Amino acid sequence: MSENKEVLNIGIDLGTSRSAIAASNGSKEWVESYVGWPKDFIAQKVLGKPVLFGEEALENRLSLEIFRPLERGVIKDGSERSEAAVKELIRHLIQMAKADNGYKQTRAIVGVPAESFKINKLAIKRLVADFADAIMVVSEPFSVAYGINALNNAMIIDIGAGTTDFCIMHGTMPSEVDQRTILAAGDYIDQQLEMMLHERYPKADFTPTMVRRMKEQYSFVGEPPHPVMVELPVDGKPTMHDITKEMRQACESILPGMVETTLDLIAGFDPEFQKKVRNNITLAGGGSQIRGLREYLEGALREIGPCRVSVISDPLFGGAAGALALAVDMPDEYWEKN
Amino acid sequence: MWLNRRRTENPKTAMLKGVYLDNMRMSGKLPQERPTLLQRPLFRKTGRALLIVLGLAIVSFSFHGWSVSNSRVHAPAAQPAATAAVKGLAPSNKAMAAAQPQTQEPDGASVMEQIPIWDFDLPGDQKVADYNLLLSGNDHIRLSTLFGLDVKTIIIDPGHGGADPGAIGLHGIKEKEITLDVAQRLKESMQKQGGYNILLTRTEDRTLSLAERVAFAKEHKADLFISVHVNSLPDRAVNIIETYYFGPPLTSDTLQLAEQENKESHYTIRELDAIVQDIGNTVKRQESARLAASIQDSLFRNVKHHDAKVKDFGIKMAPFVVLSQIEVPSVLVEISCLTQKNEEKKLASAEYRAQIASYIEEGVGNYLDVQHFKTLSGVKQNERK
Ligand SMILES: Nc1ncnc2c1ncn2[C@@H]1O[C@H](COP(=O)(O)OP(=O)(O)O)[C@@H](O)[C@H]1O
Ligand SMILES: [Zn+2]
């Protein structure tokens, strides 16, 4: 498709834990979905910035008021402050992607978490309006599916931070009955792991962020590829801890819900279609990187017949790339009327 | 070339149009297209499947009830009465006694009409965020009654404490102080009612991890768990009240099994047990939602008399660790907003805190009453026959 130089298309994936952008100028960027404002004037002076994002925000958490604005359920305020945080996040992504100047027209497709934002898509549209001339909002896993061209006889399982979203594609826009959301996802694993580690190593000192990073580095299900050893401070002294068992248990805690939901969702369709879908399941989202997950699911689902599960090649940008593809493919007339 | 490329072969076109129409609808430029719950085939399936599971569960309970050698008790106290009621058998005296409400006893039958009752079409739906759905009653029998979830021990958990002050108001009032005081008042006045063992996770200003709170609930065999908190919403212009409950990720195990039964397969006792076990979890989730709804309803209704502008944020599912790990109905109630200057002032008065405690008590009381009346009414209806 030839690109009109005056138009910039962008795809944004607003995630509970990470947000990403992909633009038709070729840029691809992501940031952890944390937004922090300096707590007071002094903090702002020290930090030298009015607002911080992602990793940097987390590192300076003590002098910041931190928001994870898209976090499900724990958005304590569905309020102005959360909205402001979402807006800052979008502004930041757009600046990172150098999508903020020199274009006559900017068109954005924004992917938002399937469940949590049902009522807030309009708010998202409003928040993006300052940065783009035309905006459409879509639900995640749908944009992921579009991006990898899994439009028919396919199923996407998007394992994010707050939720795991299931979506069956059968050649039309997925409706409510084609989708399911469960809370067994990345944050849930983190919670489990944290609890188990506290239990087993009461003296070890660690934060939820450390737990998440450990998971991201060593996550696995099934037989351990190798022992998982991590260094945790005990009374200030770095000490090695074996967390193999806990890592496995925590990661496996999301499996029953995933298998059941998958089976249940597939069971709603006619047998011929079921067979096709079973052979075209794609894991997406950060959680798709859990080692052994693909094999485990194939094994678990084989009970009902042969099946094939694959993992998306670029989990970090699956949503953003799909949204960009949608923006690029979207006919002008639809943009104009929207 | 157009002949060998039928347009329907490319679903992209349909998708793009779908996205466009969706967004038009969102902005109100097209009429909404939203099927009601009952029109959706999946919901009908869910409801039907649950009924089948329920039937199975009753059979299973009856089995356990009559089997002499089986010493494993799934459900204490009220369960035999409920089972008997459903099966059309006269309940034993003991069961009747167990079903008596401990509090004063209005006429069960007339109260019945207003009591919230769980609707079978709803279990399995994660999206029950609107507690009106829960409160709009019908005549279905509540699962908890059938299963005799008999509440004996109620644990109240004052949020935060010690090194963790929680929210802090403009005048320096700390969430941990308010939660402890309200929790203590709640405990005292509920204890006066008698019949329940009421425990606090902390009775002084000390640091308590979530894991410790969970451990406490487990150790003391909590039947209900109520965590008390005060909101902090610096950017809100009004006071809001909200109550959270946790559902572990939903499983569709029960449905799966019910579907199989539909195909006339035969169960082993172990499988029946598994179904019951799983229904137990469903009940916990439902009961958490109902407890949350009942507390939220009472708290909001009463606070509205003090503050006409207070906002009802309803009940919500949330992955709070403290709720996730406790395997009995558990809720987290945000009783007020400490960041509201007015609220902070009010919360500073012992009288207001006592009132808040009494509103929560009313909510818990209503929740418990429904359970008792329902059991009782099941028995009464049975007697009438
Ligand atoms: N290698 C990994 N193994 C397991 N989990 C991971 C890994 N990398 C990222 N995650 C988890 O994936 C989740 C984020 O996935 P993502 O798709 O970005 O979610 P969201 O869209 O909700 O922000 C987080 O819980 C993160 O910890
Ligand atoms: Zn709190």
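Interface of B with A. Using a 1.4 Å probe and counting protein heavy atoms only, the two chains hide about 4300 Å² of accessible surface, both sides summed. Distance from a point 7 Å along Cα→Cβ of A:D235 to each backbone N in the range A:190-217: keep the residues under 18 Å and list them by number. Taking a point 7 Å out along Cα→Cβ of A:D235, the residues of the range A:190-217 whose backbone N falls under 18 Å are A:201-206.
Peptides A:27-39, A:49-61 ranked from most to least packed by the mean count of surrounding Cβ atoms within 10 Å: A:27-39, A:49-61. The Cα trace of chain A gives Rg and Dmax of 20.9, 65 Å, the first to one decimal, the second as a whole number. With R₀ fixed at 45 Å, the C-beta to C-beta distance from B:Q191 to A:S63 puts the FRET efficiency at about 0.50. Comparing mean-square fluctuations of A:A320, A:A145, A:A123 from a GNM of chain A with C-alpha springs under 10 Å, the top value falls on A:A123. At an R0 of 41 angstrom, the distance between the Cβ atoms of B:R206 and A:D242 translates into a FRET efficiency of 0.80.
Here each label is just a point 7 Å from Cα along the line to Cβ, and for A:N152 and B:L21 those points are 1.8 nm apart.
The simple spin-label model puts a point 7 Å past each Cα toward its Cβ; for A:K98 and B:H171 those points are separated by 5.6 nm.
Which whole number gives the average, over all residues in B:20-29, of C-beta atoms from other chains lying within 10 Å of the residue C-beta? All intermediate terms of the calculation are to be shown ahead of the outcome.
Numbers: counts 8, 2, 7, 12, 4, 0, 7, 6, 1, 2.
Mean partner shielding for this stretch: 5.
Would you kindly state how much longer the chain becomes between A:E6 and A:D133 on full extension, computed as 0.36 nm times their sequence separation minus their alpha carbon distance, in nm to one decimal?
Numbers: separation 127, 0.36 × 127 = 45.72 nm, distance 1.24 nm.
Length gained between A:E6 and A:D133: 44.5 nm.
When B:H160, B:H171, A:H226 are compared by accessible area at a 1.4 angstrom probe, the order from most to least is B:H171, A:H226, B:H160. Phi angles across the range A:205-220 convert, under the Karplus curve 6.51 cos²θ - 1.76 cosθ + 1.60 with θ = phi - 60°, into 3J(HN,Hα) values of 10, 7, 10, x, 5, 4, 4, 4, 5, 4, 4, 5, 7, 10, 4, 6 Hz, Gly and Pro given as x.
The HN-Hα couplings worked out from phi for the range A:135-150 by the Karplus form 6.51 cos²θ - 1.76 cosθ + 1.60 (θ = phi - 60°) are 9, 10, 10, 10, 8, 5, x, 4, 5, 4, 4, 4, x, 9, 6, 8 Hz, whole numbers, x standing for Gly and Pro.
Inter-label distance, B:A350 to B:T153: 3.1 nm, where each label sits 7 Å from its Cα along the C-beta direction.
Could you work out what % of the accessible surface of the range A:186-252 is carbon and sulfur, using a 1.4 angstrom probe and leaving DNA, RNA and ligands out of the count? Numbers along the way, then the final one.
Details: 1800 of 3440 Å².
On the range A:186-252, the fraction of accessible area on carbon and sulfur atoms equals 52 percent.
Remark on the range A:192-213: accessible area falls by at least 20 square angstrom from chain-alone to full-complex state for A:Q192, A:M195, probe 1.4 angstrom. Pairs spanning more than 29 Å between alpha-carbon atoms, out of B:K218/B:K341; A:K215/A:K237; B:K187/B:K304; A:K104/A:K337: B:K218/B:K341.
About its Cα centre, how strong a charge dipole does the range A:186-252 have in debye, to the nearest 20, once Lys and Arg get +1 and Asp and Glu get -1 at the Cβ?
Numbers: 8 positive and 12 negative charges, 21 e Å.
So the magnitude is around 100 debye.
Annotation: amide H of A:A184 within the under-5 Å range of A:T164, sequence separation 5 or more or interchain, hydrogens built in the peptide plane. Scanning residues 5 or more positions from A:E65 or on other chains, those with amide H under 5 Å from its amide H are A:W37, A:K39, with H placed 1.01 Å from N in the peptide plane.
The values are calculated or read from the model by the stated rules, or taken from the named source; none is laboratory data. Please read all numbers here as calculations on a predicted model, not as lab measurements. All Cβ positions, glycine included, derive from the backbone under ideal geometry; neighbour counts span all protein chains shown. The protein model used for the area step is the full one, side chains on, heavy atoms only, and it has no ligands, DNA or RNA in it. Shrake-Rupley method; radii C 1.70, N 1.55, O 1.52, S 1.80 Å.
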